[in-house]
Amino acid sequence: MNNETSTVQPRVSQTRAFDIPFLRYLWKHRLLYLLSIPGIAYFILFKYIPMGGVVIAFQQFNIFKGISGSPWVGLDNFERMFAYMEFARILKNTLLLAFYDLLFGFPAPIIAALLLNELRSMAFKRIVQTAIYMPHFLSWVIIGGISLAVFGQEHGLINHVRDWLGLERLYFLGDESYIRSILVGTGIWRDMGWGTIIYLAAITGIHPDLYEAAEIDGASRWKQTLSITIPALLPTITILFLLQIGHFLDFGFERVYVFLNSLNQSAGDTLDTYIYRLGLLQQQFSYTTAIGVFKSVVGLVLLYIGNWLSRKSTGEGLF
């Protein structure tokens with residue numbers, strides 16, 4: 001009798017354990033959680049654990065003494081950051097580039113997706129979609145080389161055309177008045193196709209009966225776009241907009257560095273290239289970490305504000 005009790009008891013306790021909703025849900029989707037382990041490990045190792053190094057923003061960090069042996073300086077690095085006129089200029093450049101990218105770059109894939117959706121020839125639609133998507137796979141070094149072939153002063157395509165028209169050659173990549181337009185424009189050309197695919201996928205989820213009903217009511221294609229397509233895209237637009245707002249000051253190091261030179265640096269230098277120059281080349285780790293903390297805080301604040309406004313206006317948000 002005792003033997004029977006000892007063999008039955010573990011089974012009962014195991015059954016009761018899986019009566020807990022969370023554990024039952026976890027066991028039911030165990031294969032999905034198993035597949036997500038590499039992604040979770042990536043974020044833990046490369047996103048969360050490095051956050052411990054933020055403390056050096058409040059230290060005079062010495063690489064030989066380490067975090068535990070470096071002296072604490074409080075907010076001195078942040079005070080130094082806002083006291084430098086050079087930092088104010090670079091912050092202005094970053095804000096302007098981020099604003100232009102948001103103003104012109106964010107709507108570009110939405111407009112491209114709406115235009116592609118109106119194409120009747122599937123073959124032509126796929127060709128155009130592939131053509132605008134392919135630049136996404138190019139590195140910024142290659143894009144820098146292509147831009148040199150287009151905008152270069154000696155061998156650039158545009159300057160050859162200007163020669164034929166009898167106009168003076170211009171050094172676009174060395175002129176402060178052109179560098180911001182080039183940075184934003186090349187970013188749109190490279191990444192527009194990626195966003196277009198996301199919006200096209202959202203458009204395919206719209207039920208065809210809505211368009212048929214609108215067509216019966218006499219609505220034109222433009223009216224159908226305004227009344228059906230764009231409202232259906234609003235949740236996707238909202239999520240992607242909030243994600244971009246969260247990275248407002250992260251314009252991209254490679255995107256700027258390949259175009260930067262001594263002639264356009266005053267207008268094209270951003271926080272990312274500034275951090276690289278002072279942090280890695282001049283080894284001012286504490287100061288550049290403080291700048292990184294500042295960027296993260298600004299992104300977090302903008303994300304919360306944008307999410308709150310989105311909740312109030314559309315009812316959609318990230319959280």
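Data for the structure
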| quantity | calculated |
| --- | --- |
| Residue satisfying condition, being of a type outside the set (Val, Ile, Thr), touching a residue at least 60 places away in the same chain (Cβ under 8 Å) and on the phi < 0 side of the Ramachandran plot, within set Leu170, Leu165, Leu148, Leu102 | Leu102 |
| Meets criteria (exposed (fewer than 15 other Cβ atoms within 10 Å of the Cβ) and either out of contact with any Leu (no Cβ under 6 Å at 6 or more places or on another chain) or assigned to a helix (DSSP H, G or I) (or both)) for Arg89 | yes |
| Of all residues making up the range 68-85, the number that are surrounded by fewer than 19 Cβ atoms within 10 Å (Cβ to Cβ) and either in contact (Cβ under 8 Å) with a residue 60 or more places away in the chain or in contact with a strand residue (DSSP E or B) (Cβ under 7 Å, 6 or more places away or on another chain) (or both) | 5 |
| Residues located in the range 43-66, provided they are without any contact (Cβ under 8 Å) to a residue 60 or more places away in the chain, over 24 Å from Leu249 (Cα atoms) and surrounded by 13 or more Cβ atoms within 10 Å (Cβ to Cβ) | Asn62 |
| Of all residues in the range 160-196 being hydrophobic (A, V, I, L, M, F, W, C) and closer than 14 Å to Phe251 by Cβ, the one that is surrounded by the fewest Cβ atoms within 10 Å (Cβ to Cβ) | Ile182 |
| The range 264-278, residues that are out of contact with any Asp or Glu (no Cβ under 7 Å at 6 or more places or on another chain) and part of a loop (DSSP other than H, G, I, E, B) | Asp269, Thr270 |
| Verdict on Gly306 being crowded, with 18+ Cβ neighbours inside 10 Å and in contact with a Lys or Arg (Cβ under 8 Å, 6 or more places away or on another chain) | no |
| Conditions (1) of a type in the set (A, V, I, L, M); (2) buried (at least 17 other Cβ atoms within 10 Å of the Cβ); (3) closer than 30 Å to Phe294 by Cα; number of the one not met by Val141 | (2) |
| Contacts under 7 angstrom Cβ, first residue in the range 23-37 being among the hydrophobic types (A, V, I, L, M, F, W, C), partner surrounded by 10 or more Cβ atoms within 10 Å (Cβ to Cβ), 6 or more apart | Leu23/Ala17; Leu26/Tyr33; Trp27/Phe18 |
| So Lys295, is it basic (Lys, Arg) and over 30 Å from Phe151 (Cβ atoms) | no |
| Boolean, Ile206 is farther than 30 Å from Glu86 by Cα and either surrounded by 18 or more Cβ atoms within 10 Å (Cβ to Cβ) or in contact with a Ser or Thr (Cβ under 9 Å, 6 or more places away or on another chain) (or both) | yes |
| Filter pass, Gly246 being surrounded by 18 or more Cβ atoms within 10 Å (Cβ to Cβ) and either small (Gly, Ala, Ser) or modelled with pLDDT under 90 (or both) | yes |
| Only listed residue being over 18 Å from the mean Cα position of the chain (by Cα) and more than 19 Å from Glu118 (Cα to Cα), chosen from Ser227, Ser181, Ser220 | Ser181 |
| Lone unmet requirement of (1) surrounded by 14 or more Cβ atoms within 10 Å (Cβ to Cβ); (2) among the acidic types (Asp, Glu); (3) more than 15 Å from the chain's Cα centre (by Cα) for Asp272 | (3) |
| Count of residues meeting criterion [farther than 17 Å from Gly185 by Cα, in contact (Cβ under 8 Å) with a residue 40 or more places away in the chain and part of a helix (DSSP H, G or I)] in the range 105-145 | 5 |
| Checklist (1) among the hydrophobic types (A, V, I, L, M, F, W, C); (2) closer than 27 Å to Ser139 by Cα; (3) touching a residue at least 24 places away in the same chain (Cβ under 8 Å); (4) in a helix (DSSP H, G or I) applied to Phe259, failing item | (4) |
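The values are calculated or read from the model by the stated rules, or taken from the named source; none is laboratory data. The shown structure was predicted, so the numbers you read here are calculated from the model rather than taken from an experiment. Positions of Cβ are backbone-derived with ideal geometry, glycine not excepted, and every protein chain shown enters the neighbour counts.
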